[in-house]
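Only one structure is covered here, and it is reproduced in the block below.
No value in this document is a laboratory result; all are computed from the given coordinates. Fair warning: this is a prediction, and the values are worked out from it, not measured in the lab. Cβ placement follows ideal geometry from the backbone for every residue including glycine, while neighbour counts extend to all protein chains displayed.
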Amino acid sequence: MSVGAAYVRLAAALGALAAGAVAVVTIALLLHRTPGPVPSASAAPAAPPASSTPAAPTASGSLPNAIATPTSPGFPAPPAGAVVFSREDGADAVGLAVLPRDGGLMLRASVVGQSGSGVRGLAVRFRVEGAGSSKTATGAACGAGCYEARVAWHGRPERVLVRIGARSLAFEMPDVWPPRAAERLVARAAQVWRKLHTLVSHERLASDPQHGVTTVWRFAAPDRLSYNIVGGPSAVVIGNRRWDLVPGSRWQASPQEPLRMPVPLWTGVSDARVLGTERVRGHAAWRISFFDPQLPAWFTVLIDRATFRTLDVRMVATAHFMHDVYGSFDRPLAIVPPLSTGGKR
């Protein structure tokens, strides 16, 4: 699996928001380089100015410069060994790393703008709460978009608040401190994902609070998928062929690099920790957070404790705030070519 290919999905998805080439949205969900469909000037969700959002990938699958890569200078990745959290803050991605150190806590906030680089010059303060007490500290700059502080703390922190200017973001801490490592749980969940025969995902993807798309994805092993963007385009991919339909136009067929289906959204896992357990649609699940240094992106996932199926994924990355809800595991699902390539929708 190509690491660079993972960025194509992010670039394609945001390209849908920004450029009207919405049919290319996440077709590379598959983490493979894939050509997009023919761009269309038909209606698409309104978008931020082009200067603040990455463009869609080229037909060859090349990566726009605006998407951060593992080697991008200025990306404020969390420190190794930390417990990681993430939130959307307007158009910015905010990560929080909490690391037990020297009888206290090291706190690091990562603030990433839509260009993929860290946001400099912010006033950042931390507040740790727990057991009826609290302590505050001012974040010192530790690089582009990196703000760090240390507080003396004993016992389990219950909540950490990150104040960025006039805004305050609250992060609930794990029930057990320090939390259990979860790399093996995530690895097993990825194995289960790859062995599925069919899968359906309902996805909400946004570049900021005002601009987003909702998509229904259907996957069938070994190389089939379809998607339908609410109020937007649809596509069917089968082996080395694909068909795209933009509202008001006709189905268009084109070649397609075969894709391996289904596959997880992440490409790498660092600092995976169990944040807690909860019930999800009647299933007991682990809530796990980790950082993917290859995308780069922060993830919070819900994994069924009995089946190791991934029930829910939230991703925070450069101008990409995504929430996927998964279901219909291994249920009968037919993904077939469109009945007609001549009709309009």
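Assorted remarks:
- Near residue 280, the amide H atoms lying under 5 Å from its own belong to 285; only residues 5 or more places off or on other chains count, and H is placed 1.01 Å from N.
- Residue order for 229, 238, fewest other beta carbons within 10 angstrom first, comes to 238, 229.
- Label point distance in nm, residue 250-residue 284, each placed 7 Å from Cα along Cα→Cβ: 5.7
- Annotation for residue 277 and residue 214: the two label points, set 7 Å from Cα along the Cα-Cβ direction, are 3.3 nm apart.
- Going by neighbour counts of Cβ atoms within 10 Å, the residues 323, 154 line up, fewest first, as 154, 323.
- Evaluating 6.51 cos²θ - 1.76 cosθ + 1.60 at θ = phi - 60° for every residue in region 139-145, the Karplus couplings come out as x, 9, 4, 10, x, 5, x Hz, glycine and proline recorded as x.
- In this structure, the amide hydrogen of residue 153, modeled 1.01 Å from its nitrogen in the peptide plane, lies closer than 5 angstrom to those of 104, 105, counting only residues at least 5 positions away or on a different chain.
- Charged-residue dipole, Cβ positions (Lys, Arg, Asp, Glu), region 83-172 about Cα centre, Debye nearest 20: 220
- Cβ-Cβ FRET estimate between residue 260 and residue 333, R0 fixed at 25 Å, reported to 0.05: 0.90
- Length released on extending from residue 161 to residue 191, taking residue separation times 0.36 nm less the Cα-Cα span: 7.3 nm
- Using C-alpha pairs below 8 Å separated by at least 6 residues, the relative contact order for region 107-255 is 12 percent.
- Rg(Cα) / (2.2 N^0.38 Å) computed for region 83-172, rounded to two decimals: 1.03
- Residue 241 long-range amide H proximity, modeled H, under 5 Å: 256
- Relative contact order %, region 83-172, counting alpha carbon pairs below 8 Å whose residues are six or more apart: 25
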